[in-house]
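Heads up, the thing below is written out as structure tokens.
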Amino acid sequence: MQNLVGDVSSAARILPELDGEKLFISHGKGAYLWDSHGRKYIDTALGFGAVLVGHSNDAVVANVAKALSDAAAPSWAHVREHGAASALAAQTGALSKVIFTNSGSEAVHLACRAARAYTGKSKIAKMAAGFDGWFDDVSFGNIGSAEALFDSNQRPSTARTTLLRFNDFDDVERLFAEDGDIAAVLVEPMLANAGCIMAAPGYLKHVQEIAHKHGALVIGDEVLMGFRVFNGLTSHHYGLDPDLATVGKAIGNGVPVSALLGKPEVLAAFEEGRVLRGGTFSGNPLASAAVTSTLQLLEQADYAALMARGNELRTFIRSCFEAEGVRVTTSGYGSVFTIWLGDVEPTSYNQAAEIANTEFSKALHLALRKSGVLMMPSPYGRIFLSFEHTDSVIEEMKQAFSVAAKEIAKVFAA
Ligand SMILES: Cc1ncc(COP(=O)(O)O)c(C=O)c1O
């Protein structure tokens, strides 16, 4: 216990104690996780969105286990990498070139390098309060920072990063009028880590038009959204045609893997060896096996049905809280959404920061945990559903939410 800094290796994993006890997960299957005391939970954090075909999916486990027994790190080109790249590119249209990496942060880091190399410009414009990984360039302006709120009159910037306000059409034009050194705009199709703030109609296309007009690229950060809502990139469903995109999480169902996708001309510098890419584990056999199996399963998956189940749950959550005198609303999609106290569905980060209620979200997390549902404890946290969250799992969740709403009403009823 004393050796691990802050108890966990990623700050996102910190949870409050329940009745003086910490939570340690021992294993999972499908929609469920079990803790070290053998208690069973429905999981809605799902590896922060990574697990889409259910924990410990048999096909993924078998394929990854075979890759492990065949040699985890052969150093050289191996028999699994091309297949994984082809399976991925089959769903990503003009973004036909793939470089595998291990985490979303790495993929975004490489995307920024690609954009700088291609344009010869130095700054990346990221969305204020967007989370694009923990590497230095893009952790500027994250949630909770003064910069994310644009508190001063000046646009927050460093030598390598500048910020944009998500969903503010005029701000895109202002940015390019102020700064001629932008290599790329980095944008998620939904500002997911700030509480599932949906893009306003036409916003993504507007970002792209202005960026291209000024010789900058668009990087779609789809580490969270890619393959989660559609079998492919969410950007493509909303009129965005990014030059580069990053995917991760859902493509490997929880096995560490991510990728940079790009149009061939944009990634040519890597192909020709003019720009560095590396990574002992990039494109390793285990990751490749996980991608191939997961994408095979996603090709058969009924995304519309999953979305419908999630949307039905969202309606139920609102009504079960209302029955107890507590107004809540949700934002996002059926398979990834955030619950807000009150009836405002935020359209900007500043609005989200105003309505975010830390006490409510923590109380909801604890009440649900007592009732056997694990949910992220932050107001900006998300409920993720997997294809293993069947109708009967959703029914169990509804019961847990009804119990939790009664508990929450003791403090939060109007
Ligand atoms: C949109 C987005 N980009 C990048 C990342 C970073 O990915 P990773 O945690 O795998 O480094 C995340 C992680 O949550 C993310 O949601």
Have a look at Lys213, Lys29, Lys123 and tell me which one the Gaussian network model of the chain (Cα, springs below 10 Å) gives the largest fluctuation.
Lys213
The chain: calculated mean residue ellipticity at 222 nm from DSSP helix runs of at least 4, using -39500 (n - 2.57):
-11500 deg cm²/dmol
Cα gyration tensor shape for the range 193-259, rounded if a/c is under 1.5, else prolate or oblate
prolate
To check my understanding: the extent here is largest minus smallest coordinate of the Cα atoms along each principal axis. What are those three numbers for the range 290-377, in Å, largest first?
44, 32, 23
Would you mind pulling out the separation of the Cα centroids of the range 142-166 and the range 34-105, in Å?
34
Please give every one of the lysines within straight-line cross-link reach of Lys410, meaning a C-alpha to C-alpha distance under 23 Å, and leave out same-chain neighbours fewer than 8 residues apart.
Lys362, Lys370, Lys398
Residue-span extension gain [Ala94 to Asp151] - 0.36 nm each, minus C-alpha spacing:
16.7 nm
Multiply the residue separation of Ala71 and His27 by 0.36 nm, subtract the distance between their alpha-carbon atoms, and state the gained length in nm to one decimal.
13.4 nm
Testing the spin-label approximation: label points 7 Å from Cα along Cα→Cβ at Val8 and Glu299. State their distance in nm.
3.6
Taking the alpha-carbon distance from Lys249 and a cut-off under 17 Å, which aspartates and glutamates remain once sequence neighbours fewer than 8 residues away in the same chain are dropped?
Asp43, Glu106, Asp132, Glu188, Asp221, Glu222, Glu299, Glu388
Share of antiparallel DSSP beta bridges in the chain, in percent to the nearest 5?
60
Return the lysines within reach of Lys213: Cα separation strictly under 20 angstrom, same-chain partners fewer than 8 residues apart disregarded; answer none if there are no such residues.
Lys121, Lys123, Lys126, Lys205, Lys263
FRET E, pair Lys205, Val275, Förster distance 35 Å, beta-carbon r, rounded to 0.05
0.75
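Each value in this text was obtained by applying a stated rule to the coordinates, not by laboratory testing. Bear in mind the structure is a predicted one, so any value in this text is a computation, not a measurement. In this analysis, Cβ positions are derived from the backbone assuming ideal geometry, glycine residues included, and neighbour counts consider all displayed protein chains.
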